[in-house]
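> Quick one: the structure is below, and I'll ask about it shortly.
The values are calculated or read from the model by the stated rules, or taken from the named source; none is laboratory data. All values derive from a computational prediction rather than experimental measurement. Cβ: placed from backbone, ideal geometry, glycine included. Neighbour counts: every protein chain shown. Ligands, DNA and RNA are excluded from the accessible area calculation, which covers all protein heavy atoms including side chains. Shrake-Rupley method; radii C 1.70, N 1.55, O 1.52, S 1.80 Å.
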Protein chains: 4
Amino acid sequence: MQRFVARLRQIDGDLPFWQRMTSERARDAMAAALLHDVGHGPLSHLFEGAMPGASKHERLTTRILLDPDSEVHGLLSEDDPSLPHRVADLVMGVHELPYLANAVSGIFDVDRCDYLLRDARATGVTYGDYDLPWLLRSLRFEPTEGNVAPGLAIDGMKGITAIESFLLARLFMFQQVYFHKSTRAAETMIGHILRRAVQLVEAGEPIPARLPALEAAAAGRAPTLHEYLELDDQVLLTAIHAWEEAKDPVLSDLCKRLRARALFKTFEVGIETDVAADEALAIAVEVARARSLDPAYYVSLDRAIDTPYPAAQASSSAQGPAGPHIESTSEGRDLRVIFPDGRARDLGDVSFILARLRGQTLERTRLVFAAELRDDLRGALLR
Amino acid sequence: MQRFVARLRQIDGDLPFWQRMTSERARDAMAAALLHDVGHGPLSHLFEGAMPGASKHERLTTRILLDPDSEVHGLLSEDDPSLPHRVADLVMGVHELPYLANAVSGIFDVDRCDYLLRDARATGVTYGDYDLPWLLRSLRFEPTEGNVAPGLAIDGMKGITAIESFLLARLFMFQQVYFHKSTRAAETMIGHILRRAVQLVEAGEPIPARLPALEAAAAGRAPTLHEYLELDDQVLLTAIHAWEEAKDPVLSDLCKRLRARALFKTFEVGIETDVAADEALAIAVEVARARSLDPAYYVSLDRAIDTPYPAAQASSSAQGPAGPHIESTSEGRDLRVIFPDGRARDLGDVSFILARLRGQTLERTRLVFAAELRDDLRGALLR
Amino acid sequence: MQRFVARLRQIDGDLPFWQRMTSERARDAMAAALLHDVGHGPLSHLFEGAMPGASKHERLTTRILLDPDSEVHGLLSEDDPSLPHRVADLVMGVHELPYLANAVSGIFDVDRCDYLLRDARATGVTYGDYDLPWLLRSLRFEPTEGNVAPGLAIDGMKGITAIESFLLARLFMFQQVYFHKSTRAAETMIGHILRRAVQLVEAGEPIPARLPALEAAAAGRAPTLHEYLELDDQVLLTAIHAWEEAKDPVLSDLCKRLRARALFKTFEVGIETDVAADEALAIAVEVARARSLDPAYYVSLDRAIDTPYPAAQASSSAQGPAGPHIESTSEGRDLRVIFPDGRARDLGDVSFILARLRGQTLERTRLVFAAELRDDLRGALLR
Amino acid sequence: MQRFVARLRQIDGDLPFWQRMTSERARDAMAAALLHDVGHGPLSHLFEGAMPGASKHERLTTRILLDPDSEVHGLLSEDDPSLPHRVADLVMGVHELPYLANAVSGIFDVDRCDYLLRDARATGVTYGDYDLPWLLRSLRFEPTEGNVAPGLAIDGMKGITAIESFLLARLFMFQQVYFHKSTRAAETMIGHILRRAVQLVEAGEPIPARLPALEAAAAGRAPTLHEYLELDDQVLLTAIHAWEEAKDPVLSDLCKRLRARALFKTFEVGIETDVAADEALAIAVEVARARSLDPAYYVSLDRAIDTPYPAAQASSSAQGPAGPHIESTSEGRDLRVIFPDGRARDLGDVSFILARLRGQTLERTRLVFAAELRDDLRGALLR
């Protein structure tokens, strides 16, 4: 956001004064960028999908920002009493200046720009790298008429490659990392573990480490903010460690497998098997039963979905129950490209690649199952 | 090619002995990789397109390799008298082992792998970078039956991203560098210069520096091999320097503009103007005449064409008269992807991106014209 | 180690057969590289220095490797019953082939080669980066006479820069990361915390989370191997979390400061103050007492020492009580450099930089103290 | 210089207004940075040393800047009639603000900062890379008293590593590239060629391509500015090509060797031979005579000298007759390091490495000789 704001300040000289990146707006934008994910539960998006009755993290972010008792609220209010509300709005993509709203939540918002580079570096998947300085230099304001505040646009042919490369880097990270079979298998297992733990608590069965937020879920009530905030990655993973000693054989077994990295295996529907998803699941349920494994915890279907370049007026992505980086952006219009003579065109109309990817959805459907079912399933699915 | 051969040797253990990467084959492949472009005239592909009656560089490569008087022929023959012929065959993509033929000339031959990385580094266009080590590690041999020699294949989901990333890096380099408007404008100008010079020689008009290969062209005969080899980049550029002093005003003017980097300007048809290509050219011819510029040398159409991922049985690319890196590969089949259970699928069927790019052609058509025509043309073309 | 072994195999062809890198030796070397640090307690070197009576981690590595009940012993023995002993010897730098012993423990052993690159990447301190492929390509075997097994040597002028660059990268990482004031301050605090916790257990005072290895230390006995292995980073950090609620105000306060990143501050003796170390400590003790802080836990001296390029026959480095990466190598001789005509010279005699760094010791002595003492200390020390 | 100016503007807020980086000063500094080397003859520093009677390039830069007929003078004067003089002063390191003078010519002036990164990239010698953004962020102004304009200083421990790393990168580039034996051998050969050509012209012997600047040198007069500017790399290399056909056997032979990359060989005195430099030369003269080679052109001594970190009040570097990047800076004082409490110390007193390199001179003395003399010389010198 710092680099984004610095770039906007280089190019906002032609805007009417009231549309420029003032110090106040820069501060609001920085705060929104820093705080937009404070509502996340443990293990980021995962928890939200896996925990019965969990709120969307955006709603929790808002709740934290607006709660007069939260430390964050206190610090923001000190600066300006209306700051918590303005930041909460920005986090939801609401702002009088479209270019600022889009920077917090949009097709190439600063969050995406940031996590791609960090995840690419951390995972060693260089495909996720892209040329951020070039992308920033490609930014322009869209020409507007009258008093209409401009959105962001991309500068000519040079900028098109910058945005293409960014969107493809993101697609590669989804293909190679976020939708990787091991990632999805581990997420599936954690989902099963949480579901099982809640079920046991509901049934009144004792489990080694009791988590207040989990008890709330089991009791059918929303956790208090304090209960929610206490449940960080550390606490959840320590609980999973402790649950290895649970009396319930399913909970104990799932936790032991996860911690020993004995991850579930997968068959990708349509690639590794020609059997349709529902039929494959039905087969797997039978195979699990024949092996005396509870199908509810040892086989499942996982659908991962992303639209790398949404057609205008469509939402950008949604990745099913346990997807990382679920984005709720709904953008009304395509990004505009500005050519030297001032002509503006829709990005999807002038990009060779994006014209062919526009509105196309990447979908990975996998049968996820305990490793010992593999041979039986191979026989049944690779006919 | 060294790295490619090293990789093949890691994986050829399962092949029958006669299909493996022997030392002899490695030597042949190294020689072919080193020598495949010795037939290039000055300024690489440019000369071939710009020079009236010039042979394809591949034909000249063959001619040099097989000429008993060439230094290269002598060195190869010393090692093995049949080596020049084998290398010449390999350069044309002919070899008993399809995987070796493809490595010299194919969808991701070592030449492409090499020039993309070097050009990306030299131009600073990081979009052209890709993960070569990962691509190499993704290589497998296609499973074959009986005594059929295998082609190369790609290993599972991991390999798909490697080849996608490579093909997109190549596309980005075409978009950003090889098809860049300044590159194409300069190439157009050099083409005009060569055409004018030949014409003057044909007409018996004296020009400052006379080049034997040019005289041959003017006389309607193919240059001797010696004449051709003497004409390197250095000699051609020195001649263009000298031609600044030519009496012919067109030749002199074009050379001065080129050396002062006063490049022709462009309008991209379909992007920067909605006027159709032929009509735009007709308008430009009129505009040039009105300005007393010879339309034959001061306006022209430039069409740059590339098919980043050819559909099976189609040729991979052809870039019009003055295109760099013209590749004449015709591959019969798509690359195969091998999944863990041994299933093989066509790359274009399992890649999200390539399924959408298969057989699609990138085309940039530009009106190229002297800078002083710009304002008149803008008025006429941007109606 | 994989890359090192691969390089040795490229150059061992001229050695007598019994001195080459056989598959068995490669396996031993890989095992030693993987296992050389299994003896580390939580937070690596830190624990060893901070825990009263703790063994050197190398001794614990040996104990684990040779313990018939350890999982690691079982796996190695399965392959070859004498493997655990051979690996334990290698970890201690003992092997019939000097070049292999040095690769596990020496001036540029694979551990150093590895941690520098990983730490440089993880911390973003690019100074710690060096050209590993070049360094590997520079490796040669020292010429030897008779049946003497060769050590490693460096190839001519090109290799000198490779090893200079490596040693300087290591020095930069010590200066910028391992000896960073915040790193050392945090380590000092953890040392105080552990010492206090052991003391409280000795005194029979209850503390929230009891760790068996700590109880053993308090009881004056060595922990069992099981007790030691149970104490990983996770368990220790969770205990420190729990100790925030300890009744002992010192333990509780130190843990709260550490977790809130309220790190102790430092003055570097000789740079930031001209007062001698012991005198500075005496002053700080008085200042702490005047503020009612127990000087035993709120002020201390920290000495960090490293010899980047030891003179021959000296030990390479030793970093005081809490130093990271303590290396106990004692090398009898300097590395040799081989010139094209076969002459061999000592590295320190032919390197411009290393001749000037040979045997020189980097020393950082710092007064470490609670932040609230800063102003008083500044007055007293910056006279 | 752009990045340097941007950094100065971030930190000049505390300076009195008249000492700040105004737009005018920024323009002057940009012009000086762009133009400081326009006086270079062909092949940069080489020509200056090799050409009898050639002026120092700095003197020629001044001459070009101040010549009312030069294009550069015209453009600068258009902006401000006194600009050529101010730029000429800056190029010589003369400016009322020491920090600006040092930026154009000093221990880490922008020229050094720039050529190291470019040469490191172009040669692939990653040792020459350093962290420029970190170095820029480390810059501070030295605290001064009264109206004294400040010099640049470095910020604390963090900045020390930045400047150490920069100076070592420079040292590595000298060791690996600028002082490389092949570089020095080629430079020696070009020096011999130029000397021979001048001698032939002096003697009235015809040579194929005549260069006005060379004729001037032969006639004992300084070339006119026009003659000098006409002699670019291109023209000189084309002449060397043409001189392959010279009647003089020495000139012809030297040119053929150079163009065929049959470079002279070297023995480094003190490393590859223990014979002293003068004695080694005397032996080589005899060996050349015995082989009927003119010793004046086929053997010579080459001394390359650089002081990576000059002691205060000493000049930074001087590299003998044909050295690249000869720098004439004489700095009165060491760079200062500013610590958090405002204390300033000399860099050489607080840097572990630089304290040991201060005033130390890297010297490479090599016997340079035609390759066919190698075996005879080896026998005589490697006794």
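> Hey, could you check segment B:103-112 for residues that are under 17 Å from B:Pro308 (Cβ atoms) and part of a helix (DSSP H, G or I) and say which is farthest from the other protein chains (Cβ to nearest Cβ)?
Among those that are under 17 Å from B:Pro308 (Cβ atoms) and part of a helix (DSSP H, G or I), it is B:Asp111.
> Let me ask something else about it. Considering only segment B:124-160, state which residues are β-branched (Val, Ile, Thr) and out of contact with any Asp or Glu (no Cβ under 9 Å at 6 or more places or on another chain).
Listed by number, the residues that qualify are B:Thr144, B:Val148, B:Ile154, B:Ile160.
> Taking segment C:129-140, which residues are at the interface with chain D (Cβ under 10 Å from one of its Cβ atoms) and either assigned to a loop (DSSP other than H, G, I, E, B) or acidic (Asp, Glu) (or both)?
C:Asp129, C:Tyr130, C:Asp131
> May I ask you to say which residue of B:Ala209, B:Ala213 is over 30 Å from B:Ala120 (Cβ atoms) and either under 15 Å from the mean Cα position of the chain (by Cα) or assigned to a helix (DSSP H, G or I) (or both)?
Of the residues listed, the single one that is over 30 Å from B:Ala120 (Cβ atoms) and either under 15 Å from the mean Cα position of the chain (by Cα) or assigned to a helix (DSSP H, G or I) (or both) is B:Ala213.
> Across segment D:215-266, which residue is nearest to D:Arg196 (Cα to Cα) among those that are touching a residue at least 12 places away in the same chain (Cβ under 8 Å) and among the basic types (Lys, Arg)?
Filtering segment D:215-266 for residues that are touching a residue at least 12 places away in the same chain (Cβ under 8 Å) and among the basic types (Lys, Arg), the one nearest to D:Arg196 (Cα to Cα) comes out as D:Lys247.
> With the requirement that a residue be away from chain A (no Cβ under 14 Å), in contact (Cβ under 8 Å) with a residue 40 or more places away in the chain and surrounded by fewer than 20 Cβ atoms within 10 Å (Cβ to Cβ), what does segment B:267-280 give you?
Residue satisfying the conditions is B:Ala277 alone.
> Can you tell me which residue among D:Met189, D:Met173, D:Met92 is without any contact (Cβ under 8 Å) to a residue 40 or more places away in the chain and at negative phi?
D:Met92
> Go through the residues of segment C:31-51 one by one and say whether even a single one is over 27 Å from C:Gly191 (Cβ atoms), surrounded by 17 or more Cβ atoms within 10 Å (Cβ to Cβ) and touching a residue at least 60 places away in the same chain (Cβ under 8 Å).
yes
> Condition first: open to solvent by less than 20 Å² (accessible area, probe 1.4 Å), polar (S, T, N, Q) and farther than 23 Å from B:Gln234 by Cβ. Can you find one or more residues in segment B:19-26 that meet it?
Yes, because at least one residue in segment B:19-26 is open to solvent by less than 20 Å² (accessible area, probe 1.4 Å), polar (S, T, N, Q) and farther than 23 Å from B:Gln234 by Cβ.
> Inside segment D:349-371, can you point out the residues that are more than 12 Å from every other protein chain (Cβ to nearest Cβ) and surrounded by 14 or more Cβ atoms within 10 Å (Cβ to Cβ)?
D:Thr365, D:Leu367, D:Val368, D:Phe369, D:Ala370
> Given the criterion out of contact with any His (no Cβ under 7 Å at 6 or more places or on another chain) and more than 14 Å from chain D (Cβ to nearest Cβ), identify the matching residue among C:Ala162, C:Ala169, C:Ala186.
So the residue among C:Ala162, C:Ala169, C:Ala186 that is out of contact with any His (no Cβ under 7 Å at 6 or more places or on another chain) and more than 14 Å from chain D (Cβ to nearest Cβ) is C:Ala186.
> Quick one: C:Glu187 ticks every box in (1) in contact with a Phe, Trp or Tyr (Cβ under 8 Å, 6 or more places away or on another chain); (2) surrounded by 21 or more Cβ atoms within 10 Å (Cβ to Cβ) bar one, so which box is it?
Looking at each condition in turn, C:Glu187 falls short on (1).
Yes or no, residue by residue, for (1) touching a His at 6+ places or on another chain (Cβ under 6 Å); (2) at positive phi; (3) among the polar types (S, T, N, Q); (4) assigned to a strand (DSSP E or B):
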| position | (1), (2), (3), (4) |
| --- | --- |
| D:Ile353 | no, no, no, no |
| D:Gln360 | no, no, yes, no |
| D:Arg364 | no, no, no, yes |
| D:Leu367 | no, no, no, yes |
| D:Asp375 | no, no, no, no |
| D:Gly379 | no, no, no, no |
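> While we're looking at this one, here's another question. What number of residues in segment C:174-194 are among the aliphatic types (A, V, I, L, M) and more than 12 Å from C:Leu43 (Cβ to Cβ)?
Residues flagged as among the aliphatic types (A, V, I, L, M) and more than 12 Å from C:Leu43 (Cβ to Cβ) within segment C:174-194 amount to 2.
> Looking at B:Asp79 and the list (1) under 22 Å from the mean Cα position of the chain (by Cα); (2) surrounded by fewer than 18 Cβ atoms within 10 Å (Cβ to Cβ), which single condition is not satisfied?
Of the numbered conditions (1) under 22 Å from the mean Cα position of the chain (by Cα); (2) surrounded by fewer than 18 Cβ atoms within 10 Å (Cβ to Cβ), the odd one out for B:Asp79 is (1).
> Of all residues in segment A:113-128, count the ones that are among the β-branched types (Val, Ile, Thr) and assigned to a helix (DSSP H, G or I).
2
> Determine if segment C:86-97 includes at least one residue that is in a helix (DSSP H, G or I), farther than 30 Å from C:Thr161 by Cα and open to solvent by less than 30 Å² (accessible area, probe 1.4 Å).
Yes, some residue in segment C:86-97 is in a helix (DSSP H, G or I), farther than 30 Å from C:Thr161 by Cα and open to solvent by less than 30 Å² (accessible area, probe 1.4 Å).
> Restricting to segment B:99-123, name every residue that is out of contact with any Asp or Glu (no Cβ under 9 Å at 6 or more places or on another chain), aliphatic (A, V, I, L, M) and in contact (Cβ under 8 Å) with a residue 40 or more places away in the chain.
Within segment B:99-123, just B:Val110 meets the criteria.
> Moving on. Would you mention how many residues in segment B:141-173 are of a type in the set (A, V, I, L, M), in a strand (DSSP E or B) and open to solvent by 10 Å² or more (accessible area, probe 1.4 Å)?
1
> Limited to segment C:334-348, what total is found for residues that are of a type in the set (Asp, Glu) and more than 9 Å from every other protein chain (Cβ to nearest Cβ)?
Of the residues in that region, 2 qualify.
One line per residue, one yes/no per condition, for (1) touching a Phe, Trp or Tyr at 6+ places or on another chain (Cβ under 8 Å); (2) open to solvent by less than 10 Å² (accessible area, probe 1.4 Å); (3) modelled with pLDDT under 95:
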{"residue": "A:Tyr228", "(1), (2), (3)": "no, no, yes"}
{"residue": "A:Asp232", "(1), (2), (3)": "no, no, yes"}
{"residue": "A:Ala239", "(1), (2), (3)": "no, yes, yes"}
{"residue": "A:Lys265", "(1), (2), (3)": "yes, no, no"}
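> Looking at segment A:57-68, which of its residues are open to solvent by 80 Å² or more (accessible area, probe 1.4 Å) and without any contact (Cβ under 8 Å) to a residue 24 or more places away in the chain?
Within segment A:57-68, A:Arg59, A:Pro68 meet the criteria.
> Here is a further query. What helices (runs of 4 or more DSSP H), lying completely within segment B:1-51, carry at least 1 residues that are at pLDDT below 90?
It comes to B:45-50.
> Please tell me if A:Thr126 is free of Cβ contacts under 8 Å to residues at least 12 places away in the same chain and within 14 Å of chain B (Cβ to nearest Cβ).
yes
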